[in-house]
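> Before we start, here is the structure in question, set down as structure tokens.
No lab work stands behind these numbers, since they all come straight from the coordinates. Owing to the predicted nature of the structure, the values given are computational and were not obtained by experimental measurement. Note that we place each Cβ from the backbone using ideal geometry, even for glycine, and neighbour counts take in every protein chain shown.
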Amino acid sequence: GADKAALKDRIKALLAEQNAVLVAHYYVDGDLQALAEETGGYVADSLEMARFGSESDAETLVVCGVRFMGETAKILNPEKRVLMPTLKATCSLDEGCPPDAFSAFCDAHPERTVVVYANTSAEVKARSDWVVTSSIALPVVEHLHAQGEKILWAPDKHLGHYVQRMTGADILLWDGACVVHEEFKGFALDRVRRLHPDAAVLVHPESPDEVVDQADVVGSTTQLIKAVQNMANQEFIVATDEGIFWKMHQLAPDKHLIAAPTAGEGATCESCAHCPWMAMNALQNLEQVLRSHDQEILIDEPIRRRAVVPIQRMLDFAR
Ligand code: 13P
Ligand code: SF4
């Protein structure tokens, strides 16, 4: 209502005063996505977020998403101030891959090229040869496999296993998972598909094999949104965080979107998939950080200098 409109107006004024721009992920609240678009910011998947942050000439980037997204922005743009609504917004993949244990894993397999998913800490990236996001994991690993390289992959075992199956590459997997996508169950999805036989099934590759195997399209958030726009189907079953529906509705208002079930019981979505850390981003803490600047991403320069190499390698490859 009126309160929310006033809050949004105050945030807009703060952004303009501070030459700050919002970079938001599709999984955050629709109000934040709308605000990013209304104020010259951007809503995107994690690869595009990284690219937009580097291309913007704003002095301050305000990253609405999870911590690794803010860290990637800072690693690429050390001269910019990078703020987040809360630094507590982490990710189960990042948390499940502590730098020391990961480094020891790499040390034990020195013959392997280290490919890490973007959903990791700056320290883990600093230990890697390549960083990839879900939108570019397949072509990067195909490229490495074609050169005869053996791969060490971390942290998401589901995405890693999908990439292994698709490319045939020799991949040693770290044992990590996304707590949100891991909740999608093959048998429950199968039941929903029977109820909607004409629906196309869209799956984020952080999901388990039994879910990925039922997909018509497997891809990053941006790739799944494009599928809704471009495919002839009228109905889609979507296996990823429910935040993505905001953009899908905006770009394809006539299409019927069905959330893939996370619960084993029942054929419909009882508790939709939603990342608890993405959900920590809100208009209220966004206003607060623009006033206090206390949730600022800072990264030790030696780590930053190492982490930027594999991230830049990804951006150059993606060009
Ligand atoms: P995308 O790069 O596909 O946006 O994925 C990021 C993420 O955290 C998915 O859970
Ligand atoms: Fe991490 Fe999963 Fe949340 Fe994405 S949805 S940020 S992978 S926990």
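> Any idea what the dipole of the chain comes to, in debye rounded to 20, about its Cα centre with Lys/Arg Cβ at +1 and Asp/Glu Cβ at -1?
Here the size comes out at about 380 debye.
> To continue, here is another question. Suppose a student asked you for the relative contact order of region 110-210, using Cα pairs under 8 Å spaced at least 6 residues apart; what percent would you report? The partial results should precede the final answer.
Working: 142 pairs, mean separation 24.8, N = 101.
Here the relative contact order equals 25 percent.
> GNM, the chain, Cα, under 10 Å: largest mean-square fluctuation among 296, 287, 38?
Its mean-square fluctuation being the largest, the pick is 38.
> Tell me the label-point distance for the pair residue 17, residue 179, using the 7 Å Cα-to-Cβ offset, in nm and rounded to one decimal.
3.6
> Along its three principal axes, how long is the chain when you only count alpha carbons? Whole Å, largest extent first please.
The principal-axis extents, from largest down, are 51, 49, 32 Å.
> Starting with the fewest neighbours, write out 248, 69, 231 ranked by other beta-carbon atoms found within 10 Å of each beta-carbon.
Exposure proxy ranking, most exposed first: 231, 248, 69.
> Of 12/226; 8/88; 185/226; 4/125; 12/74; 4/255, which pairs sit farther than 27 Å apart, going by alpha carbon to alpha carbon?
Numbers: 12/226 29 Å; 8/88 23 Å; 185/226 24 Å; 4/125 38 Å; 12/74 22 Å; 4/255 29 Å.
Among 12/226; 8/88; 185/226; 4/125; 12/74; 4/255, the Cα-Cα distance tops 27 Å for 12/226; 4/125; 4/255.
> If you stretched the chain out fully between residue 230 and residue 319, how much longer would it get, using 0.36 nm times the residue separation minus the C-alpha to C-alpha distance?
Numbers: separation 89, 0.36 × 89 = 32.04 nm, distance 2.25 nm.
Between residue 230 and residue 319, full extension yields 29.8 nm more.
> Could I ask something else about it? Can you tell me the mean projection area, over all orientations, of the convex hull of region 167-273's alpha carbons? Units nm², please.
Its Cα hull, projected and averaged over all orientations, spans 7.2 nm².
> Can you tell me the relative contact order of the chain? Whole percent, Cα pairs under 8 Å, sequence separation 6 or more. The partial results should precede the final answer.
Working: 651 pairs, mean separation 69.6, N = 319.
In percent, rounded to a whole number, it is 22.
> Distance in nm between label sites at residue 34 and residue 272, each 7 Å beyond Cα in the beta-carbon direction?
Label-label distance for residue 34 and residue 272, simple model: 1.5 nm.
> Just to compare against my own numbers: the Cα pair-distance distribution for region 1-154, 10 Å bins, whole % per bin, please.
Using 10 Å bins, I get a P(r) of 11, 36, 30, 16, 6, 2, 0 for region 1-154.
> Percent relative contact order of region 1-117, based on C-alpha pairs within less than 8 angstrom and at least six residues apart?
19
> Then there's this: Towards the positive end of the charge dipole of the chain, with charges on Cβ (+1 Lys, Arg; -1 Asp, Glu), say which of 20, 66, 282 has the farthest Cα.
20
> Using the Kirkwood radius built from alpha carbon pairs, what does the Stokes-Einstein equation give as D for region 93-173 at 37 °C and 0.692 mPa s, in µm² per second? Please list the in-between numbers first.
Numbers: Rh = 12.3 Å.
The diffusion coefficient I find is 266 µm²/s.
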